[in-house]
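Reviewing the structure listed below.
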Amino acid sequence: MNKDNTPPIESPIKNPLHPDRSNNPVVKKLTTPADKYGTPEEGFTVVCTTYRLTEHYHYWTHHTNILNQLQPGFFIEIPEELAKEKGITNGSRARVTSARGSIEGVAMVTKRLKKQMVDGKPVWHIGFPLHWGYEGDPKHTGPLANFLTPSAMDPNTWTPEFKTFLVKLEKAEEKVS
């Protein structure tokens, strides 16, 4: 929850404190055709988080060969139990879809993330790094994470809600080399 006790613009549950006010009523929503927001009713039930990797700084350092050797590619971190439920194995391909778009990557099945109970409901959480997406070393490519993130800003700070959003997760077709 935000400091005003409202969940983010995309939340897997209604606000437990104020069920009829699940989002900040003065949140700044952008209104272009690309600015869509997902709901659990539309099947967007998995919480997704973007994060940075120690080996890279934002989008800049993926042009540096030694750092690419340390962290060579985009991945989607998926809890073991959720991966099993979706038929996704470690190293296979997975697709993450938000209300705004879809990206694919290598599945990294992990014990680090667990199912959580939120307001008495099970909620899954996945994550992926945001360091790919712009041209650079052709052997070091990956999707742009912000194709999936919502365009909604905190009304006081204008900080975008790019870190947590709702998605669907599924097994992707394997690429044939």
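The values are calculated or read from the model by the stated rules, or taken from the named source; none is laboratory data. This structure is a prediction, so every number in the text was calculated from the model and none was measured. Cβ placement follows ideal geometry from the backbone for every residue including glycine, while neighbour counts extend to all protein chains displayed. Accessible surface areas use protein heavy atoms only, side chains included; no ligands, DNA or RNA. Shrake-Rupley method; radii C 1.70, N 1.55, O 1.52, S 1.80 Å.
Restricting to region 114-133, count the residues that are part of a strand (DSSP E or B) and either in contact with a strand residue (DSSP E or B) (Cβ under 8 Å, 6 or more places away or on another chain) or on the phi > 0 side of the Ramachandran plot (or both). Counting residues in region 114-133 that are part of a strand (DSSP E or B) and either in contact with a strand residue (DSSP E or B) (Cβ under 8 Å, 6 or more places away or on another chain) or on the phi > 0 side of the Ramachandran plot (or both) gives 9. So in region 41-96, with the set limited to residues that are part of a helix (DSSP H, G or I) and of a type in the set (Val, Ile, Thr), which one is modelled with the lowest pLDDT? So the residue we want is Thr61.
Looking at (1) under 21 Å from Pro160 (Cβ atoms); (2) modelled with pLDDT under 85; (3) touching a helix residue (DSSP H, G or I) at 6+ places or on another chain (Cβ under 9 Å), which is the one condition that is false for Phe128? Every listed condition holds for Phe128 apart from (2). Pairs meeting the criteria (first residue in region 96-112 and open to solvent by 40 Å² or more (accessible area, probe 1.4 Å), second residue part of a strand (DSSP E or B) and small (Gly, Ala, Ser), beta carbons under 9 Å, at least 6 apart or on different chains) are Glu104/Ala94; Val106/Ala94. With the structure loaded, tell me whether Ala145 is in contact with a Leu (Cβ under 8 Å, 6 or more places away or on another chain), aliphatic (A, V, I, L, M) and at pLDDT below 85 or whether it fails that test. So Ala145 passes the test.
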